[in-house]
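For reference, the structure discussed in these notes is given below.
No value in this document is a laboratory result; all are computed from the given coordinates. What you are looking at is a predicted structure, and each value in this text was computed from that prediction instead of being measured. All Cβ positions, glycine included, derive from the backbone under ideal geometry; neighbour counts span all protein chains shown.
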Amino acid sequence: QVQLVESGGGLVQPGGSLRLSCAASATIFRSYVMGWYRQAPGKQRELVAAFTSDGSTNYADSVKGRFGISRDNAKNTVYLQMNNLKPGDTAVYYCNAKLRATMYWGQGTQVTVSS
């Protein structure tokens, strides 16, 4: 069974920072394209940041310049560094692994930005 284990969510004030982590199995990490999505209440799940198949990165316009996706190949872990957080970033954040038509999701981690 594929496991994507997320951690790092929580409550943060506007302007603050959080780093999310997603640990995957070695097989998944090596072969799948990794990314982060989020879903706010009443809204559809949306892409936040992801690696592309050629190793470059892709970001939602709303997070460009504030969020950064990175990976540690030795730890089979992908990170999402979130800076200058805004209330509109409040959502459940999901780690995603994609290979052609196959997608796997983590359990989600709540990020709440509020004063």
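Near GLN39: Cβ cut-off under 15 Å, other residues only, Lys/Arg at +1 and Asp/Glu at -1. The net charge is 0. Taking the centroid of alpha carbons for each part, the stretch 20-36 and the stretch 90-115 are 12 Å apart. Cross-link partners for LYS75 among the aspartates and glutamates, with Cα-Cα distance under 18 Å and sequence neighbours closer than 8 places in the same chain left out: GLU6.
Taking 1.002 mPa s as the viscosity and 20 °C as the temperature, the Stokes-Einstein diffusion coefficient of the chain based on its alpha-carbon Kirkwood radius rounds to 153 µm²/s. How big, on average over all directions, is the shadow cast by the Cα convex hull of the stretch 11-51, in nm²? The orientation-averaged projected area of the Cα hull of the stretch 11-51 comes to 4.2 nm². Legend: calculated FRET efficiency, SER62 to SER31, from the Cβ-Cβ distance at R0 = 35 Å, rounded to 0.05, equals 0.75.
Gain on full extension, evaluated as 0.36 nm per residue between SER53 and SER114 minus their Cα-Cα distance, stands at 18.4 nm. For the peptides 33-44, 84-95, the ranking by packing is 84-95, 33-44, with the highest mean count of neighbouring Cβ atoms within 10 Å listed first.
Place a label point 7 angstrom from the Cα of LEU11 along the Cα-to-Cβ direction, then list the residues of the stretch 53-68 whose backbone nitrogen is under 17 Å away. Answer for this model: none.
Spin-label pair ALA74-ARG100: with each label point 7 Å from Cα along the Cα-Cβ axis, the two points sit 3.4 nm from one another.
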